[in-house]
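Colleague: The structure's right below; bear with me while I get my questions together.
The values are calculated or read from the model by the stated rules, or taken from the named source; none is laboratory data. Being a predicted model, the structure only gives us computed values, none of them experimental. Ideal geometry is used to build each Cβ from the backbone, glycine not excepted, and the neighbour counts take in all protein chains shown.
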Amino acid sequence: MECFEVTGGTALTGRVRVTGAKNSALKLMAAALLAAGRTTIEEVPDILDVAIMSEVLRRLGCDVTYERHEHGGGRLVVDVPEEPSTETDYDLVRRMRASISVLGPLVARCGSARVALPGGDAIGSRGLDMHISGLERLGATIDSEHGFLVATAPRLRGTTIWLDFPSVGATENLVMAAVLAEGSTVIDNAAREPEIIDLCTMLTAMGAQIEGAGTSTITVEGVPALEPVTYTTVPDRIVAGTWAIGAVMTRGDVVIERAVADHLTVALAKLTDAGAHVEPLPDGLRVAMDGRPRCVDVVTLPYPGFPTDLQPMAVALAAVSTGTALITENVFEGRFMFVNELVRLGASVRIDGHHAVVRGRERLSSAPVLATDIRAGAGLVLAGLVSDGVTEVQDVHHVDRGYPDFVEQLRGLGAKIERVRRPD
Ligand code: UD1
């Protein structure tokens, strides 16, 4: 078992560079399936989820190579065959929900797909209902068989789709299906995240006709075929936001190279309200904090609202701020699970449904804690940086799924953190 040993008490200072966004790169990799030939994706983060998606693509018959650069990102080349396999590996897909994003491209290009249900969701269950009903509206027939979702459609037809909720994954899958459908598709109440714009920009470079990316209504005019391209992934706003919140919590001064301030508007406004100095730079962002942060209420919402992926860091920030903060989670119902771990560090947090009431303390107190998911793990490490003594964060493979060179980057900012291996 690998753990992080975090010694509290050091301010984060210096420069850190963010590479491409995990949540974009994984979808760009799936989008490569839409065209035969070599697609090159730059600034792909060196993380476990990219390795899993590479393996998903290899099992579909693609040749995938990754050349890592010094800064935690790299060039990923996907060589897609004329006729990819249409069946994904059950065990791989179960390890990562994002692998569902191969469904749209496969059914659009090959006319069928057999994709394992991520996490064993049943058809029509919460989780995937919008992906499924959207593809059905495009003319696909979808069944669930032995843990696989089986989609068939000799040719998809353009249609109008209204999403019940602006789901990121459903919007992406439906756009990737619609680009090769016959006629035009309108996706209403679409997600507006920068990663959606990134995907649509790459698809447009491949020859797709898409309008409205980044708004709630996306219109896609289907084309017969797409061409492979070379494309650079958008910088990771969640990694950038993690370093920004870490700078404020530890009362440090950090320049986050390549961070896009416009992708973090609400989060940065919250940090300013907390008393931080936030300064957009020509190619990044500086965040500095002097003194103890003031508490700020946070409400997670689809983009451009405060990102749910930064909610654990917002709770950790509130735990050491002055006063009491109300943190409301509106996107994922189970996302406060990690709070039990934060409480082990002495945080004062009460959960009531999808609200957390956080009473700030001057300092937290180190303890062994469990990273329950990628972002919870990062939030616990930030909390460890403001705890007395040495905090051991266990199950850090979760963090490795989303943050390239997490320990090295934090050490570069002066944090005292080590990766250690313990017997299971
Ligand atoms: C993506 C991100 C994740 C981020 C989330 C919201 C990736 C790999 N992951 O996840 O980091 O936290 O966006 O910004 O990009 N839902 C349904 N039915 C559906 C689809 C979703 O009920 O068919 C629900 C989900 O259970 C969840 C909410 O909608 O409660 C939001 O999910 P969604 O936006 O789809 O998130 P993901 O694409 O899974």
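Colleague: Which condition number in (1) crowded, with 24+ Cβ neighbours inside 10 Å; (2) under 23 Å from Ala21 (Cα atoms); (3) within 16 Å of the ligand (Cβ to nearest atom); (4) among the hydrophobic types (A, V, I, L, M, F, W, C) is the one that Val331 fails?
Modeller: (1)
Colleague: Can you tell me which residue is farthest from the ligand (Cβ to nearest atom) among those in region 6-22 that are farther than 10 Å from Gly412 by Cβ and surrounded by 24 or more Cβ atoms within 10 Å (Cβ to Cβ)?
Modeller: For region 6-22, the residue satisfying everything is Val6.
Colleague: Then there's this: So if I check each of Val239, Val254, which one is assigned to a strand (DSSP E or B), outside the structural domain of Gly134 (by TED's automatic domain parsing) and at pLDDT 95 or above? Walk me through how you get there before you give the answer.
Modeller: Numbers: Val239 fails: assigned to a strand (DSSP E or B).
Exactly one of Val239, Val254 is assigned to a strand (DSSP E or B), outside the structural domain of Gly134 (by TED's automatic domain parsing) and at pLDDT 95 or above, namely Val254.
Each row is one residue, and each column tells you yes or no for (1) surrounded by 23 or more Cβ atoms within 10 Å (Cβ to Cβ); (2) more than 16 Å from the ligand (Cβ to nearest atom); (3) in contact (Cβ under 8 Å) with a residue 60 or more places away in the chain.
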{"residue": "Val298", "(1), (2), (3)": "yes, no, no"}
{"residue": "Leu301", "(1), (2), (3)": "no, no, no"}
{"residue": "Gly305", "(1), (2), (3)": "no, no, no"}
{"residue": "Arg344", "(1), (2), (3)": "no, yes, no"}
{"residue": "His355", "(1), (2), (3)": "no, yes, no"}
{"residue": "Arg363", "(1), (2), (3)": "no, yes, yes"}
{"residue": "Asp373", "(1), (2), (3)": "no, no, no"}
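Colleague: Return the residues of region 178-219 that are within 14 Å of the ligand (Cβ to nearest atom) and either more than 19 Å from Lys22 (Cβ to Cβ) or part of a helix (DSSP H, G or I) (or both); say none if nothing qualifies.
Modeller: The first filter runs over region 178-219 and keeps only residues within 14 Å of the ligand (Cβ to nearest atom), leaving 187, 189-199, 216.
Hits for region 178-219 are Ile187, Asn189, Ala190, Pro194, Glu195, Ile196, Ile197, Asp198, Leu199, Ser216.
Colleague: Is one or more of the residues making up region 379-389 within 16 Å of the ligand (Cβ to nearest atom) and either outside the structural domain of Pro194 (by TED's automatic domain parsing) or within 26 Å of the chain's Cα centre (by Cα) (or both)?
Modeller: Initially, region 379-389 is screened for residues within 16 Å of the ligand (Cβ to nearest atom), giving 379.
If we keep only those that are either outside the structural domain of Pro194 (by TED's automatic domain parsing) or within 26 Å of the chain's Cα centre (by Cα) (or both) too, we end up with 379.
For region 379-389, residues within 16 Å of the ligand (Cβ to nearest atom) and either outside the structural domain of Pro194 (by TED's automatic domain parsing) or within 26 Å of the chain's Cα centre (by Cα) (or both): present.
Colleague: How about region 302-337: which of its residues are touching a Ser or Thr at 6+ places or on another chain (Cβ under 8 Å), of a type outside the set (Asp, Glu) and part of a loop (DSSP other than H, G, I, E, B)?
Modeller: Answer for region 302-337, where residues must be touching a Ser or Thr at 6+ places or on another chain (Cβ under 8 Å), of a type outside the set (Asp, Glu) and part of a loop (DSSP other than H, G, I, E, B): Pro304, Pro307, Asn330, Val331, Phe332, Arg335, Met337.
Colleague: Further question on the same structure: Could you list, in sequence order, the residues of region 95-109 that are closer than 12 Å to Thr171 by Cα and more than 9 Å from the ligand (Cβ to nearest atom)?
Modeller: Gly104
Colleague: In region 45-75, how many are farther than 20 Å from His398 by Cα and either among the small types (Gly, Ala, Ser) or away from the ligand (no atom under 16 Å from the Cβ) (or both)?
Modeller: Of all residues in region 45-75, those farther than 20 Å from His398 by Cα come to 57-71, 74-75.
Filter once more, keeping what is either among the small types (Gly, Ala, Ser) or away from the ligand (no atom under 16 Å from the Cβ) (or both): 58-71, 74-75.
So the answer is 16.
Colleague: Now, a different point. Looking at the structure I just gave you, is Asp253 more than 16 Å from the ligand (Cβ to nearest atom) and either closer than 30 Å to Arg292 by Cβ or surrounded by fewer than 24 Cβ atoms within 10 Å (Cβ to Cβ) (or both)?
Modeller: Details: more than 16 Å from the ligand (Cβ to nearest atom): yes; either closer than 30 Å to Arg292 by Cβ or surrounded by fewer than 24 Cβ atoms within 10 Å (Cβ to Cβ) (or both): yes.
Yes.
Colleague: Say whether the condition of being farther than 18 Å from Val44 by Cα and among the aromatic types (Phe, Trp, Tyr) is met by at least one residue in region 218-241.
Modeller: no
Colleague: For region 43-85, name all the residues that are in contact with a Gly (Cβ under 8 Å, 6 or more places away or on another chain) and closer than 20 Å to Leu135 by Cβ.
Modeller: The answer is Pro84, Ser85.
Colleague: Can you name the condition, by its number, that Gly158 falls short on among (1) in contact with a Ser or Thr (Cβ under 7 Å, 6 or more places away or on another chain); (2) surrounded by fewer than 18 Cβ atoms within 10 Å (Cβ to Cβ)?
Modeller: Unmet condition: (2).
Colleague: For Ile100, only one of the following conditions fails: (1) over 20 Å from the mean Cα position of the chain (by Cα); (2) aliphatic (A, V, I, L, M); (3) at pLDDT 85 or above. What is its number?
Modeller: The single condition Ile100 does not satisfy is (1).
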